[in-house]
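Notes for the one structure printed next.
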Amino acid sequence: MEAQWEEGGWERLTGRAGRRRLPVWDCTVGLVVGEESVLVIDPGSCVREGARVRAEAKRLTGRSVTHLAFTHGHFDHVMGGSAFPGAEVYGAAGLDGLLSTPAGREELRGDAVRHGLDPAEAAEAAERLVAPGHLVSGERTLDLGGVRVLLAEAGPGHTGHDLAVLVPGERPVVFCGDLVEESGEPSAGPDAVPGRWPAALDRLLSLGGGDALYVPGHGAVVGAEFVRAQRDALAARFGVSPA
């Protein structure tokens with residue numbers, strides 16, 4: 001089984017959870033395998049990339065993906081979602097408003113092209129963009145069969161609609177989205193909420209605790225010490241007093 005994961009560039013984190021660092025933007029896609037259902041977290045930047053993730057998830061699990069979770073609404077995390085027909089889609093409350101309007105879709109398309117995505121692929125992904133039909137306000141539990149995954153509003157911080165995914169177990173796994181980045185300094189765009197970002201990292205730490213694996217939106221898996229250090233660096237960068 002381990003060889004199957006490594007063959008496709010996937011990293012198995014626990015018996016239930018794994019992830020892969022996608023090419024070009026080093027965006028993390030997460031995979032959580034239940035006995036009855038399969039969850040993908042952040043399905044990539046375009047329809048082609050999403051379709052590849054879907055095929056690899058089926059190869060690894062033997063089943064179709066039943067659930068998607070968007071950690072936030074940036075193009076490299078959501079624009080592959082239409083490649084998963086029939087999947088139930090989850091996001092933080094308010095994210096649907098950003099992804100379902102013509103203006104929101106056009107903003108994502110333009111951002112994708114500015115970052116180097118082929119214009120035709122960006123246009124296709126924006127036209128077919130899937131908005132979350134299940135909105136998380138506070139916390140929500142998904143029972144995948146044998147594992148109950150917690151979806152939690154963790155922001156605002158990196159954006160106004162940040163969602164974390166906690167996979168419980170002997171060693172918990174927290175999918176952080178871009179609230180945490182390991183391969184570079186955290187990116188604060190025009191939709192960031194800098195004054196509340198450090199508190200969002202405290203929220204992540206409260207979810208996972210000191211022994212969890214924290215999976216950033218970009219980069220290698222880290223521990224709680226890294227998250228604390230990034231919280232402190234963000235507080236200093238944005239002039240936010242510690243809580």
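The values are calculated or read from the model by the stated rules, or taken from the named source; none is laboratory data. Every value quoted in this text rests on a predicted model; they were computed, and no experiment measured them. Glycine also receives a Cβ, built like all others from the backbone with ideal geometry; neighbour counts cover every protein chain displayed. The protein model used for the area step is the full one, side chains on, heavy atoms only, and it has no ligands, DNA or RNA in it. Shrake-Rupley method; radii C 1.70, N 1.55, O 1.52, S 1.80 Å.
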* Asked: If you average over every viewing direction, what projected area does the convex hull of the Cα atoms of the stretch 1-57 give, in nm²?
  -> 3.8
* Out of residues 5 or more away from Glu88 or on other chains, whose amide H comes under 5 Å of its own, with H placed 1.01 Å from N in the peptide plane? -> His67, Leu68
* Probe 1.4 Å - accessible area at Thr101, Å² to nearest ten -> 50
* Asked: Given 5 Å bins starting at zero, what is the percent of C-alpha pairs of the stretch 135-243 in each, up to the one with the largest pair distance?
  -> 2, 13, 24, 26, 19, 10, 4, 1, 0
* Would you kindly find the accessible area of Arg148, with a 1.4 Å probe and non-protein molecules such as ligands, DNA and RNA excluded, rounding to the nearest 10 Å²? => 140
* Where does each of 128-134, 212-218, 75-81 land if you order them by average Cβ count within 10 Å, highest first? -> 75-81, 212-218, 128-134
* Asked: Can you tell which of Pro156, Pro194, Pro119 shows the greatest fluctuation in a Gaussian network model of the chain with Cα springs below 10 Å?
  -> Pro119
* To do: Find out how many positive minus negative residues lie around Leu150, taking Lys and Arg as positive, Asp and Glu as negative, among other residues whose Cβ is under 10 Å from that of Leu150.
  => +1
* Structure fact -> Semi-axes in Å, largest first, for the stretch 98-183 (Cα gyration tensor, √(5λ)) are 29, 15, 13
* Over 16 Å, how big is the tail of the calculated P(r) for the stretch 36-112, in percent of all Cα pairs? => 47
* Would you mind checking which residues have amide H under 5 Å from Val130's amide H? H placed 1.01 Å from N; only 5 or more apart, or other chain. => Gly81, Ser82
* To do: Count charges around Gly94 for me, please; just the other residues with Cβ under 13 Å from its Cβ, Lys/Arg as +1, Asp/Glu as -1.
  => -4
* Beyond 17 Å, what share of the Cα-Cα pairs of the stretch 1-134 remains, rounded to the nearest whole percent? -> 54
* Asked: How much accessible surface area, in Å² rounded to 10, belongs to the heavy atoms of Trp25 with a 1.4 Å probe?
  -> 50
* Any chance you could list the semi-axes, whole Å, largest first, of the equivalent ellipsoid that the Cα gyration tensor gives for the chain, using √(5λ)? => 24, 23, 16
* Treating only the Cβ atoms of Lys and Arg (+1) and Asp and Glu (-1) as charged, compute the dipole magnitude of the stretch 94-243 about its Cα centre; round to the nearest 20 debye. => 320
